[in-house]
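See below for the structure under consideration.
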Amino acid sequence: VQLQASGGGLVQPGGSLTLSCVASGETFSSYSVGWFRQAPGTEREFVAAVAKTGSNGYYADSVKGRFTISRDNAKNTVWLQMNRLKSEDTAVYYCGAAGGEFGLGFVPIYDYWGQGTLVTVSS
């Protein structure tokens, strides 16, 4: 499956952005999808994930209550709605697709990755 992430940009602290991850090539509903982010000099870290059916969302503690992940399998798309953004949210955000539904917080679980989209939170 091929993943295309988009929606990044420059936003002021306290603002909002919505990232999109569009999939093509295989049955999208066969994959759980996660968002990860990577700031310069750091490792890729888990942000949020949604299971194949979209019934469950999982979040890192640092974004819980501010970010919401959702998916529409008919549109082959997963969104990450990010509210009340902080400077520490600045990073390149990547979406990944995993064939399973467990361990979605861990990078090695994912089989495919998109190219990343840059989010910069700054005044």
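Taking the criterion of being within 19 Å of residue 44 (Cβ to Cβ), of a type in the set (A, V, I, L, M) and without any contact (Cβ under 8 Å) to a residue 60 or more places away in the chain, the residues of region 55-91 that qualify are 60, 63, 69, 78, 91. Elements of the type strands (runs of 3 or more DSSP E) sitting completely within region 1-57 and holding at least 3 residues that are closer than 17 Å to residue 100 by Cα: these cover 32-38, 45-50. Scanning region 18-43 for residues that are hydrophobic (A, V, I, L, M, F, W, C), more than 12 Å from residue 117 (Cα to Cα) and either exposed (fewer than 14 other Cβ atoms within 10 Å of the Cβ) or more than 10 Å from the chain's Cα centre (by Cα) (or both) gives 22, 23, 28.
Yes/no per residue for (1) out of contact with any Asp or Glu (no Cβ under 9 Å at 6 or more places or on another chain); (2) open to solvent by less than 40 Å² (accessible area, probe 1.4 Å); (3) farther than 14 Å from residue 17 by Cβ:
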position	(1), (2), (3)
45	yes, no, yes
55	yes, no, yes
78	no, yes, yes
82	no, yes, no
96	no, yes, yes
104	yes, yes, yes
107	no, no, yes
110	yes, yes, yes
121	no, yes, no
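Would you pick out the residues in region 84-94 that are assigned to a strand (DSSP E or B) and surrounded by 21 or more Cβ atoms within 10 Å (Cβ to Cβ)?
Taking region 84-94 first, the residues assigned to a strand (DSSP E or B) are 91-94.
If the condition is that a residue be assigned to a strand (DSSP E or B) and surrounded by 21 or more Cβ atoms within 10 Å (Cβ to Cβ), then 91, 93, 94 are the ones that fit.
The values are calculated or read from the model by the stated rules, or taken from the named source; none is laboratory data. These numbers were taken from a predicted model, which means no experiment stands behind them. All Cβ positions, glycine included, derive from the backbone under ideal geometry; neighbour counts span all protein chains shown. Note: areas computed on protein heavy atoms with side chains; ligands, DNA, RNA excluded. Shrake-Rupley method; radii C 1.70, N 1.55, O 1.52, S 1.80 Å.
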